[in-house]
Amino acid sequence: MGSSGTVVLSICMWRDRLAATSHPGDSLRHGFLAGVGAGALAFALTALVRLFEIARSTAGFRLYLRPDGLDGTLVVLGGTFYGAHPGAYDAPVWLRVVLQRYDTLPEVVYVATVASVLAATGWWLAARFESETIDGAVRGATVTVGYAPAVVLGAFVFEMLVDLGPMTVFLDQLLPIALASALVPAVAGAVGGLLAAWLHR
């Protein structure tokens, strides 16, 4: 092979390697978008499971058929979601009493639902590129970049939507919510990224 052929081959190899390697900014952007999506999906799944529990309970949906029933529904669904993050949310006594009416599934089901969504998202983030195990864990953990702001913003949104007078439901525990919304996806996403990198070696 002549020198020109060697140069062309080197350029092609360099281009392919560059295509397989993402810029750090790309990783963060993908992590942000995936994290926001993971937050929405985790909330939707925990809400569906809780609604299933309510439907199966003896009380059913009667509590929420009143004119102010939407506020109660939002509080229950929000409390379920934030409670699924270990250490994030300690439901007020009145909300715990309401949730106990539908205690047909162990709370670990909700924790496992959120963790599974985050681990799967971390897997997806790492599997998009050929990575070593540590790099895979880092890529998976970038889900936090989007997940944490979405979860914290969600607490403000819930508080604005729910009309319970002067009573706060989520914002009085904003600090533990913020800490858990960063720690939980970092750990679960890193585990998913590690598994993806390890299985794709």
Self-check item: Among (1) more than 16 Å from the chain's Cα centre (by Cα); (2) small (Gly, Ala, Ser); (3) surrounded by fewer than 16 Cβ atoms within 10 Å (Cβ to Cβ) - the single one Gly72 does not satisfy
Solution: (3)
Quiz item: Looking at region 107-130, is at least one residue within 23 Å of Val75 (Cα to Cα) and at pLDDT below 85?
Solution: no
Quiz prompt | Members of region 90-141 that are open to solvent by 30 Å² or more (accessible area, probe 1.4 Å), among the hydroxyl-bearing types (Ser, Thr, Tyr) and in a loop (DSSP other than H, G, I, E, B) | solution = Thr104
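Filter region 149-201 down to the residues that are among the charged types (D, E, K, R) and within 16 Å of Tyr82 (Cα to Cα), then identify the one that is most open to solvent (accessible area, probe 1.4 Å). Please lay out each step first, then the result.
Initial filter on region 149-201 (among the charged types (D, E, K, R)): 159, 163, 172, 201.
Checking the rest, the ones that are also within 16 Å of Tyr82 (Cα to Cα) come to 159, 172.
Numbers: Glu159: 34, Asp172: 98 Å².
For region 149-201, the residue satisfying everything is Asp172.
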Quiz item: Is it fair to say Phe52 is over 28 Å from Gly192 (Cβ atoms) and modelled with pLDDT under 95?
Solution: no
Self-check item: Where Gly37 falls short, out of the listed (1) in a helix (DSSP H, G or I); (2) open to solvent by 20 Å² or more (accessible area, probe 1.4 Å); (3) at pLDDT below 95
Solution: (3)
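The values are calculated or read from the model by the stated rules, or taken from the named source; none is laboratory data. Predicted, not measured: the structure shown is a model, and the values here were computed from it. Backbone-built Cβ (ideal geometry, glycine too); neighbour counts: all protein chains shown. Just so you know, the surface numbers come from the protein's heavy atoms only, side chains and all, with ligands and any DNA or RNA stripped out. Shrake-Rupley method; radii C 1.70, N 1.55, O 1.52, S 1.80 Å.
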